[in-house]
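Take a look at the structure set out below.
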Amino acid sequence: MDENCGIITFYSSSHAVHAEKVLKSAGYLAELVPGPKDISPNCGVALRYDYENTDKVKELLEQKGVAYEACHLYRAPQRKSLLDLLLGR
Amino acid sequence: MPVYLDNAATSWPKHPDVFAAMARFMQEDAGNPGRSGHSMSVAAARTVFAAREAVASIVGAQSPERVVFTKNATEALNVILFGLLTNGGHVITSSVEHNAVMRPLRYLERQGVRLSVVVCDGRGLLDPDDIRRAVSPETKLIILTHASNVCGAIQPIAAVGRIAREYGVPFAVDAAQTAGSEPINIAQDYIDFLAFTGHKGLGGPQGTGGLVLAEDRDLPPLLHGGTGSLSDSEYQPEFLPDKLESGTLNAVGLAGLAAAVKVTAARFDVLRQRKKELLATFFDGLAAVPGVKTYGPINPEQNAGVVSITIRDRVSSEVGLALDRVFGILTRTGLHCAPAAHKTLGTFPQGTVRLSLGASTTSQEITTALEAISRIADMAG
């Protein structure tokens, strides 16, 4: 993952999938990723999004009745991520 | 090709999109939905969610998370009944319920629950005022079948729902015979808990079904276990759908169900219209055969597509065997897991021959069935 990105964590994978649909329908970039265990022990899937849109995204999810745990600014540890290392980025 | 008239037991054939979706799921997406974060688990979770959305849409539920999947309608009914009645109280039901409702209720009655069984008329239809007369301050639930699996009688669920709402009593509906083939709207029918099966009118595979909870309703879990959520906790989550879905879902089945509901919803009006027309033809034809007695409503508007008959004094199983072996017509004979309904209709203990129409039933098949029944009635005379 990028050094700073938005991650929404959820209590249930049903909520995560629902949120992905809602965000994508509204034109936001959203991608289901494995839930980072260092920010939440909960659901195995989380949603990556552009952190700058947090206020609007929260409003949209609340409006559509999609439950979520929290929106995080995820700062990866200060070293290259495994993905970057393996993919030579 | 058999003439398949046992759709009340399970619908057949299924639409090709259904097995295509299931095969594709098994080959490509078959992770454990909602457990792992990898792409296959996510693909499986999306598939399950699509099934939730499809079911929510066809019953008028607002949020997909309020669709809970179980292996069949019976399990869903057990979740509802044991969820609401284990602490006693009074429950009202009709006299034409399937054993999926009656057996849990009779068991709960033995545990101290007071059970009122409201008697339906000779055609299997319920008068909503009889429900009103049965309500008491201790009534915890009114549970009703949407349509009888024995005689097809479609119950006035909206009228009963309105009464239940008036008295502040939760209303549960067993839609095993109607989901996918008769109109259902959770809000307009005042339904608090709806039990459905995936493998009948919705056209999906066996092993799928569930319940839908109205927005402000809740139930305790029947099964406790892993849900892929709150994994740091040894207690069941409080949020839906996870609260009521412990263990791995029948995801491949739900892939089939999602495809099935999509097809069924798109063809709903056309199929229903055709079914009503075929029922009219069938009832007209049966009325003209001496020795045949029909049970249940003969007005197609009041019948969900299930026709029960007896032929003179012949045992129903013998008639069923003849229909199958001589004419290739597949039906279900006997008591159809609904002894209460047969007692109401006056066909207990001998039972009936039940012919049930489905999405694929053609007018040629109805003609064939009428000819066969005519021949049998002749022989039996």
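The values are calculated or read from the model by the stated rules, or taken from the named source; none is laboratory data. Remember, predicted model here, so these are calculated numbers, not experimental data. We place every Cβ from the backbone using ideal geometry, glycine too, and count neighbours over all the protein chains shown.
Observations on the structure shown:
- Filtering the stretch B:65-91 to residues that are away from chain A (no Cβ under 14 Å) and over 19 Å from the mean Cα position of the chain (by Cα) leaves B:Gly83, B:Leu84, B:Leu85, B:Thr86, B:Asn87, B:Gly88, B:Gly89, B:His90, B:Val91.
- In the stretch B:229-251, the qualifying residues are those that are in contact (Cβ under 8 Å) with a residue 24 or more places away in the chain and among the polar types (S, T, N, Q), and the one that is nearest to B:Thr197 (Cα to Cα) is B:Asn250.
- Going through (1) part of a helix (DSSP H, G or I); (2) crowded, with 17+ Cβ neighbours inside 10 Å; (3) of a type in the set (S, T, N, Q) one by one, B:Thr294 falls short only on (1).
- Those residues of the stretch B:264-291 which are crowded, with 19+ Cβ neighbours inside 10 Å and closer than 30 Å to B:Gly31 by Cα, in sequence order: B:Thr264
- Residue among B:Ala280, B:Ala258 that alone is over 28 Å from B:Thr86 (Cβ atoms), within 14 Å of chain A (Cβ to nearest Cβ) and in contact with a helix residue (DSSP H, G or I) (Cβ under 6 Å, 6 or more places away or on another chain): B:Ala258
- Candidates B:Gly34, B:Gly83, filtered to the one that is buried (at least 24 other Cβ atoms within 10 Å of the Cβ), touching a residue at least 60 places away in the same chain (Cβ under 8 Å) and either under 30 Å from A:Ala46 (Cβ atoms) or not hydrophobic (A, V, I, L, M, F, W, C) (or both): B:Gly34
- In the stretch B:148-188, the residues that are over 30 Å from B:Asp6 (Cα atoms) and of a type in the set (Phe, Trp, Tyr): B:Tyr167
- Residue check for B:Phe25: assigned to a helix (DSSP H, G or I), modelled with pLDDT of 90 or more and either within 25 Å of the chain's Cα centre (by Cα) or surrounded by fewer than 20 Cβ atoms within 10 Å (Cβ to Cβ) (or both): no
- Residues within the stretch B:155-168 that are in a loop (DSSP other than H, G, I, E, B) and either free of Cβ contacts under 8 Å to residues at least 40 places away in the same chain or surrounded by fewer than 19 Cβ atoms within 10 Å (Cβ to Cβ) (or both), tallied: 3
- Of all residues in the stretch B:353-381, those satisfying the criterion of being part of a strand (DSSP E or B) and in contact with a Gly (Cβ under 8 Å, 6 or more places away or on another chain) are B:Val353, B:Ser356.
- Taking the criterion of being more than 9 Å from every other protein chain (Cβ to nearest Cβ) and either buried (at least 22 other Cβ atoms within 10 Å of the Cβ) or among the hydrophobic types (A, V, I, L, M, F, W, C) (or both), the residues of the stretch B:51-61 that qualify are B:Ala51, B:Ala54, B:Val55, B:Ala56, B:Ile58, B:Val59, B:Ala61.
- Of all residues in the stretch A:17-41 being more than 21 Å from A:Lys64 (Cα to Cα) and within 11 Å of chain B (Cβ to nearest Cβ), the one that is surrounded by the most Cβ atoms within 10 Å (Cβ to Cβ): A:Gly35
Residues checked against (1) crowded, with 24+ Cβ neighbours inside 10 Å; (2) part of a loop (DSSP other than H, G, I, E, B); (3) touching a strand residue (DSSP E or B) at 6+ places or on another chain (Cβ under 8 Å); (4) not assigned by TED's automatic domain parsing to the domain that holds B:Ala359:
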position: B:Ala179; (1), (2), (3), (4): yes, yes, yes, yes
position: B:Ile191; (1), (2), (3), (4): yes, yes, yes, yes
position: B:Gly210; (1), (2), (3), (4): yes, no, yes, yes
position: B:Arg217; (1), (2), (3), (4): no, yes, yes, yes
position: B:Ser231; (1), (2), (3), (4): no, yes, no, yes
position: B:Tyr235; (1), (2), (3), (4): no, yes, no, yes
position: B:Leu240; (1), (2), (3), (4): no, yes, yes, yes
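- Within the stretch A:42-69, considering residues that are basic (Lys, Arg) and not in a loop (DSSP other than H, G, I, E, B), the one nearest to the other protein chains (Cβ to nearest Cβ): A:Arg48
- Of all the criteria given as (1) touching an Asp or Glu at 6+ places or on another chain (Cβ under 9 Å); (2) assigned to a helix (DSSP H, G or I); (3) over 20 Å from B:Gln62 (Cβ atoms), the one not satisfied by A:His18 is (3).
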